[in-house]
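The structure appears below as structure tokens.
The values are calculated or read from the model by the stated rules, or taken from the named source; none is laboratory data. As the structure is a computational prediction, the values presented were derived from the model and not from experiment. With ideal geometry, Cβ positions are generated from the backbone for all residues, glycine too; neighbour counts draw on all protein chains shown. Surface accessibility is based on the protein's heavy atoms, side chains included, excluding ligands, DNA and RNA. Shrake-Rupley method; radii C 1.70, N 1.55, O 1.52, S 1.80 Å.
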Amino acid sequence: MSKPLVIVESPAKARTIAGFLGGDYEVLSSVGHVRDLAAKGLNVDVDDGFKPTYEVYANKKDVIRQLKAALKDASELYLATDEDREGEAISWHLLEILKPKVPVKRMVFHEITPQAIEAAVDNWRDIDYGLVNAQEARRIVDRLFGYPVSEVMWRKVATGLSAGRVQSPAVRLVVERERERMAFVAADYWDLDALFTDDPSFTASLVAVDDERVASGKDFDARGQATTAGVRVLDGAAAATLVADLEAPGTAWTVRSVTEKPFTSRPKPPFMTSTLQQEGGRKLRLSAAQVMRVAQGLYERGFITYMRTDSTNLSQTALDAARSQARELYGDAYVPDKPRIYARKVKNAQEAHEAIRPAGDRFRTPREVAGELSGQDLALYDLIWKRTVASQMADASGLTVSARIGGRTAAGRDAVFAASGRTITFPGYMRAYVEGSDDPDAALDDRETLLPPLSEGQRLASPDLEAKGHTTSPPARYTEASLVKRLEELGIGRPSTYASIMQTIQDRGYVWKKGTALVPTWTAFAVINVLEQHFGDLADYAFTARLEDDLDEIAAGRKERESWLHDFWFGDGASGLSQLVASAPEGIDAAAVNTIPIGVDADGVPVVVKPGKFGPYVKRGEETASVPDDIAPDEMSVERALELLAAPSGDRELGTDPESGLTVYAKAGRFGPYVQLGELPEKGTKGPKPKTASLFKEMDPATVTLDEGLRLLSLPRVVGVDPTDPEATPITAQNGRYGPYLAKGTDSRSLETEAQLFTVTLDEALAIFAEPKRRRGQAKAAAPLRELGDDPASGKPVLLKDGRFGPYVTDGVTNASLRKGDRPEEITIERAAELLAIRRENAPAKKKAGAKKAAAKKKAPAKKAAAKKKAPAKKIAAKKAPAKKKAPVKKAASE
């Protein structure tokens, strides 16, 4: 008996929905997108209406076969992909590929609960081709931007680079911030703190001396110059003198003014995608990709509503649930008379769904779901639940107190200190939730600072005085949270793209992390130079935001896709992207865009950094030196560059080999320092290559001696012969690219240390060969460098270890190497968890494809199992639809 077929994106979502629908429906997964623009070439016919050429992903062909087989026996097809533009496009692609001959219904919902799924089955609609056209236009413009501009990057900067419509402005923001830090000149200034030992004690800070305001950090510009007129900049000596004057006998301390002001603080709106990513980064130390990965799992299992939204709206059901829960937990006084409505200007009405909130018409508390959720899942659910409930709670209120305290010496010197206090009289929504801050030193809204009762004219005891020196700080680097916030402010990107942007700019080698801060690579500087100097509009924030708005207009049917794409590509004959790309080879000076100025030396010679084929290097005249990976651009001063240039580099002659009479050199190579015996043959001539040997890890090419070099060149060393080996194959100790090892014919075993190359005996070698062979990189278990804590995702303890290819973190199942900028001594459990999550996301892709293939072969048993699955008490009966409701089929542009 035929039954409806429901297709969703993910297996987890399929399992949850199948549990609600019961055996009357078959629910299968497309496992994400099934096709895209063909990978090689532009694959957009710019001369024929910008028609795209699509191809099915290689690892989805078995999935498509499985879906087609299931469709043959189906009575109707429900396309139940996500409700946003991307989900609509997946449904359309499935429709184009499957070509169903049964009624087709588009089923949409923003939460996965029995009630929501039943409503979606009853209230189906046709595919929204406005959304499909908008998504296709985005994909086409991304290819029109990325493919040809990336080719320019390959020719002018380096092969393998890429450019992107949203990716490139994000990189530009990070580069511009680093430029500001590079140009920044720190300024030093001093002030005084006065500790008054009243009850409670409090600290006041110096604000004025002898009727002149004392300079603070805000009074200096990026060049380190004081920019505010009439302020006094104290140095260390002046501050010390002032302390001595104020501590002299006869100084009178008096309260000169006290100002009290009431304050009111309102709760923040419920989460949308960008604010969830920001708070997940601030409070849970998760990357944007991690937040979305966890949120998607919560959504698919029915714990929260859809996680890609730019709306802060709550349905009436959700408003009632939040208000009821707040009243139940905190009392009537904590719930306002009317529901709070959070209206905001939404650029794309098609994505203006409900805010992210707990699913259902009654929110389950974190304690209630603790048996089903743990680790990051529970932490993120807790965050969403608190924010949603708090959004419907009463304002917090309190009192701020500002006091001015004067100290006048017997000699007539006068100093004014300021102190402030903050008291919360009614916590309101703060009982449930307080938003975090991008500034780690900032006080959160629920913090109180108490002052003792003070009144004007009140005499105070002499305080303890301390002179404090300060240095102005450069603008803070972006974190993922603050970069998402800035992109949102500029109107660049949409909820579904922020996490992928953060991941892409790191995976492509444009940005690396130093702690949580995003640091641009030198290659990123060169790429942005190309965009700014030749593709000005494409790197312009306002232009990129206008593109987003235009694409939203296409989604709403207010702009025509083909004419808009024509204007973008061809322009008015001179300003289109195609003309800019065509003129790029002549218009771009490769040497100039790959030069990042650092400054000039004492002789006026420019010092620059260039991104080279084998890594960035510093250059002065004809001198060059490699730039270490862990040096951030703002740390590359002229002084640091000169240090690198002055360090020993290139060939260093160690002496002469007494046996051969050849010179021994210490050299720096692509894979590390090494010693070489003799000279390379001259260009154009043939001859034997000189013998080389890698330096041990603890050896320094600047100090390695001739004896050490000759010893290294003596490798491989014959350890001996196995007396039981009839072929008498010698055992040798050798140093290879992947470390020290023993070799016996084609058999080999790793050695634990390089020193063993000269010390391992025949008996020890035989014992090593008697052990089971380990896979490459698998040495004997060594003590971990550090224990970091439990991984929030797996719950297993995470260890930091030193491996053959460098330090890595592991939870015993997944290993992840530390990345550029990660220092073993500074690695945290949050960063380790992020690296492991990225590794899990990327590493098993091929295995998953294979698993799908195997699953496809067992289609019949799977269907049988689904049919036997026990339906819930209230299952959703299959609805029969009239054939006239069948969705229209839009021909693929490539057909």
Query raised in the report: When you go through L21, L79 one by one, which is the residue that is crowded, with 18+ Cβ neighbours inside 10 Å, within 26 Å of A295 (Cα to Cα) and over 37 Å from the mean Cα position of the chain (by Cα)?
Result: L21
Requested in this report: Please name all residue pairs, on different chains or six or more residues apart, with Cβ atoms under 8 Å, provided the first residue is in the range 26-38 and is within 20 Å of E76 (Cβ to Cβ) and the second residue is of a type in the set (S, T, Y) and open to solvent by less than 30 Å² (accessible area, probe 1.4 Å).
Outcome: S29/S10; S30/T81
Requested in this report: Find the residue count for the range 540-560, including only residues that are modelled with pLDDT under 85, among the acidic types (D, E) and either open to solvent by 60 Å² or more (accessible area, probe 1.4 Å) or more than 17 Å from P495 (Cβ to Cβ) (or both).
Outcome: 2
Query raised in the report: Restricting the first residue to the range 589-616 and requiring it to be open to solvent by less than 20 Å² (accessible area, probe 1.4 Å), which pairs with a second residue that is among the small types (G, A, S) and in a strand (DSSP E or B) meet a Cβ separation below 8 Å and a spacing of at least six or different chains?
Result: V607/G599
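Residue-wise test of (1) open to solvent by less than 80 Å² (accessible area, probe 1.4 Å); (2) farther than 30 Å from V627 by Cβ; (3) in contact (Cβ under 8 Å) with a residue 60 or more places away in the chain.
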position	(1), (2), (3)
P673	yes, no, no
L695	yes, no, no
V718	no, yes, no
D725	yes, yes, no
Query raised in the report: Within the range 61-74, can one find any residue that is free of Cβ contacts under 8 Å to residues at least 12 places away in the same chain, surrounded by fewer than 22 Cβ atoms within 10 Å (Cβ to Cβ), out of contact with any Asp or Glu (no Cβ under 8 Å at 6 or more places or on another chain) and part of a loop (DSSP other than H, G, I, E, B)?
Result: no
Report summary line: Of the listed residues (S2, S10, S29), the one being over 27 Å from E55 (Cβ atoms) and out of contact with any Phe, Trp or Tyr (no Cβ under 6 Å at 6 or more places or on another chain) is S2
Requested in this report: Determine which member of the set D763, D811, D747, D790 is at pLDDT 85 or above, farther than 30 Å from P520 by Cβ and open to solvent by less than 30 Å² (accessible area, probe 1.4 Å).
Outcome: D811
Query raised in the report: In this structure, is A524 in contact (Cβ under 8 Å) with a residue 12 or more places away in the chain, in contact with a Ser or Thr (Cβ under 9 Å, 6 or more places away or on another chain) and within 27 Å of A837 (Cβ to Cβ)?
Result: no
**Report entry** Pair list, Cβ under 7 Å, 6 or more apart: the range 124-141 residue within 16 Å of T81 (Cβ to Cβ), other residue polar (S, T, N, Q) and surrounded by fewer than 20 Cβ atoms within 10 Å (Cβ to Cβ)
**Finding:** L131/Q350
Query raised in the report: Quick check, is P249 in contact with a Leu (Cβ under 6 Å, 6 or more places away or on another chain), open to solvent by 40 Å² or more (accessible area, probe 1.4 Å) and of a type outside the set (F, W, Y)?
Result: no
Requested in this report: Kindly indicate which of L742, L762, L715, L766 is farther than 20 Å from Q676 by Cα and touching a helix residue (DSSP H, G or I) at 6+ places or on another chain (Cβ under 7 Å).
Outcome: L742
Query raised in the report: Of the residues in the range 184-224, how many are within 36 Å of the chain's Cα centre (by Cα) and either part of a loop (DSSP other than H, G, I, E, B) or within 18 Å of S402 (Cβ to Cβ) (or both)?
Result: 10
Requested in this report: Take the range 151-194 and flag every residue that is within 30 Å of R213 (Cα to Cα) and among the aromatic types (F, W, Y).
Outcome: F184, Y189, W190
Report task. Select from the range 477-500 the residues that are touching a residue at least 12 places away in the same chain (Cβ under 8 Å), more than 17 Å from G87 (Cα to Cα), open to solvent by 10 Å² or more (accessible area, probe 1.4 Å) and out of contact with any Lys or Arg (no Cβ under 8 Å at 6 or more places or on another chain) and list them in ascending order. Result -> T479, E480, S482, K485, R486, E488, L490
Report task. Determine, yes or no, whether G421 is assigned to a loop (DSSP other than H, G, I, E, B), open to solvent by less than 20 Å² (accessible area, probe 1.4 Å) and touching a residue at least 40 places away in the same chain (Cβ under 8 Å). Result -> no
Report task. Select, from V44, V27, the only residue that is closer than 27 Å to A137 by Cβ and at pLDDT 90 or above. Result -> V44
Report summary line: Within the range 28-60, of all residues that are of a type in the set (S, T, N, Q) and outside any loop (DSSP other than H, G, I, E, B), the one surrounded by the fewest Cβ atoms within 10 Å (Cβ to Cβ) is N59
Requested in this report: Looking only at the range 623-636, decide whether some residue is aliphatic (A, V, I, L, M) and modelled with pLDDT of 90 or more.
Outcome: yes
Query raised in the report: Does the range 426-440 contain any residue that is closer than 30 Å to E247 by Cβ and either over 27 Å from the mean Cα position of the chain (by Cα) or aliphatic (A, V, I, L, M) (or both)?
Result: no
Report summary line: Scanning the range 225-283 for residues that are among the hydroxyl-bearing types (S, T, Y), assigned to a loop (DSSP other than H, G, I, E, B) and touching a residue at least 40 places away in the same chain (Cβ under 8 Å) gives T251
Requested in this report: Scan the range 87-117 residue by residue and report those that are of a type in the set (D, E, K, R) and either in contact with a Cys (Cβ under 7 Å, 6 or more places away or on another chain) or surrounded by fewer than 18 Cβ atoms within 10 Å (Cβ to Cβ) (or both).
Outcome: K99, K101
Query - Count of residues meeting criterion [of a type in the set (G, A, S), closer than 19 Å to D790 by Cβ and either modelled with pLDDT of 95 or more or part of a loop (DSSP other than H, G, I, E, B) (or both)] in the range 356-409 - result: 3
Report task. Tell me, please, whether a residue that is of a type outside the set (K, R) and modelled with pLDDT under 90 can be found in the range 510-528. Result -> yes
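To keep it simple, each residue is scored yes or no on (1) open to solvent by less than 10 Å² (accessible area, probe 1.4 Å); (2) under 30 Å from I501 (Cβ atoms); (3) touching a strand residue (DSSP E or B) at 6+ places or on another chain (Cβ under 7 Å).
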| residue | (1), (2), (3) |
| --- | --- |
| Y129 | no, yes, no |
| N133 | no, yes, no |
| R143 | no, yes, yes |
| Q167 | no, yes, no |
| A170 | yes, yes, no |
| R179 | no, yes, no |
| Y189 | no, no, yes |
| D199 | no, no, no |
| A204 | yes, no, yes |
**Report entry** Residues satisfying the stated conditions in the range 301-315, i.e. open to solvent by 20 Å² or more (accessible area, probe 1.4 Å) and either of a type in the set (S, T, Y) or under 21 Å from R494 (Cβ atoms) (or both)
**Finding:** R308, N313, S315
Query - Residues of the range 521-565 classified as in contact with a strand residue (DSSP E or B) (Cβ under 6 Å, 6 or more places away or on another chain) and either closer than 30 Å to T828 by Cβ or β-branched (V, I, T) (or both), total - result: 3
